[in-house]
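This report refers to the structure that appears directly beneath it.
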Amino acid sequence: MKGHRYQAASFRIDAACRGVFAAVLEYAAPGTRLVIEMIMDEEVFNIQLRKFLKKVGIQSQREIEQAVRAGIDSGSLSGEEKLNASVLLRVPEVGVEITIEDDIALR
């Protein structure tokens with residue numbers, strides 16, 4: 001289509017709409033067309049992320065506590081150890097793969 005020019009612009013709409021929108025303006029003869037698409041709602045994302053991290057924390061703590069108590073009860077742990085803990089966090093859709101390591105002292 002000879003002579004047609006295309007231009008894109010992004011902006012934030014905070015008024016009645018919650019979230020972030022991107023607007024793409026396409027200029028074509030004889031008129032102009034506006035297309036709006038939702039990209040992401042920051043508030044929803046942050047709530048969901050905190051919910052996930054809370055679930056990970058609670059579940060991880062419960063599992064470690066049960067395993068340590070079972071280890072002490074069976075005699076495989078004395079209660080004086082320092083445990084080497086690690087967690088593999090993966091979010092394949094965005095290319096996140098990170099190992100988080102730390103020691104957990106029992107005393």
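The values are calculated or read from the model by the stated rules, or taken from the named source; none is laboratory data. What you see is a predicted model; the values in this text were computed from it and never measured. Glycine gets a Cβ as well: all are built from the backbone with ideal geometry, and neighbour counts include every protein chain shown.
Observations
- Residue count for region 83-107 satisfying the condition of being in a strand (DSSP E or B) and out of contact with any Leu (no Cβ under 6 Å at 6 or more places or on another chain): 16.
Residue-by-condition table, conditions (1) in contact with a helix residue (DSSP H, G or I) (Cβ under 6 Å, 6 or more places away or on another chain); (2) modelled with pLDDT of 50 or more; (3) surrounded by 10 or more Cβ atoms within 10 Å (Cβ to Cβ):
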{"position": "ALA23", "(1), (2), (3)": "no, no, yes"}
{"position": "GLY31", "(1), (2), (3)": "no, yes, no"}
{"position": "ILE39", "(1), (2), (3)": "no, yes, yes"}
{"position": "VAL44", "(1), (2), (3)": "no, yes, yes"}
{"position": "GLN61", "(1), (2), (3)": "no, yes, yes"}
{"position": "VAL87", "(1), (2), (3)": "no, yes, yes"}
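- The set of residues in region 63-85 that are free of Cβ contacts under 8 Å to residues at least 24 places away in the same chain and in contact with a helix residue (DSSP H, G or I) (Cβ under 9 Å, 6 or more places away or on another chain) comprises SER76, SER78, LEU83, ALA85.
- Residue within region 71-82 that is in a strand (DSSP E or B) and modelled with pLDDT of 95 or more present: yes
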